[in-house]
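K.L.:
First the structure, which I've put down as structure tokens, then a few questions once you've had a look.
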Amino acid sequence: MVRTGGDAFLGGLVWGGVDGESPHIDPGFFYADPKVSYGLLLARSPDSVRELASTWEGIRPRLDGLREAFAEHAAVPDGWVGDFDAFTDLLDDWGRVLTEASRRGWGVVGLSE
């Protein structure tokens, strides 16, 4: 499957992947021992961060065009990202993290229980 724009951005950040595939761990960036569990893990190398930051810059100006589609297909009023404004706030936060990490040449690691 070829991912474009928003799919590439979100697909690079979603723990377990959009289809439940394995966590995003860039080869050689984070030590992976199958006997050790880190909980839910996202480990992106500096190269991946640069790619995601670049993707973010390309999709950011077009986000508002997704408002109606989000309301129709993804809104969950009682969910943790229940409406379009909460969704775009979350993406903006990730965009800032990725942009700054890219500027500094850093990778990004995210953990969750």
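K.L.:
Would you check which residues across segment 95-113 are touching a Leu at 6+ places or on another chain (Cβ under 6 Å) and buried (at least 18 other Cβ atoms within 10 Å of the Cβ) and list them?
P.N.:
Within segment 95-113, LEU98 is the sole residue that qualifies.
K.L.:
Can you tell me which residues in segment 72-85 are of a type outside the set (D, E, K, R) and at pLDDT 90 or above?
P.N.:
PHE84
K.L.:
For ALA74, which of the numbered conditions (1) buried (at least 18 other Cβ atoms within 10 Å of the Cβ); (2) over 16 Å from the mean Cα position of the chain (by Cα) fails to hold?
P.N.:
(1)
K.L.:
Going by what's in this entry, would GLY107 be described as touching a Ser or Thr at 6+ places or on another chain (Cβ under 8 Å), of a type outside the set (Lys, Arg) and within 27 Å of PRO46 (Cβ to Cβ)?
P.N.:
Yes.
The values are calculated or read from the model by the stated rules, or taken from the named source; none is laboratory data. Predicted, not measured: the structure shown is a model, and the values here were computed from it. In this analysis, Cβ positions are derived from the backbone assuming ideal geometry, glycine residues included, and neighbour counts consider all displayed protein chains.
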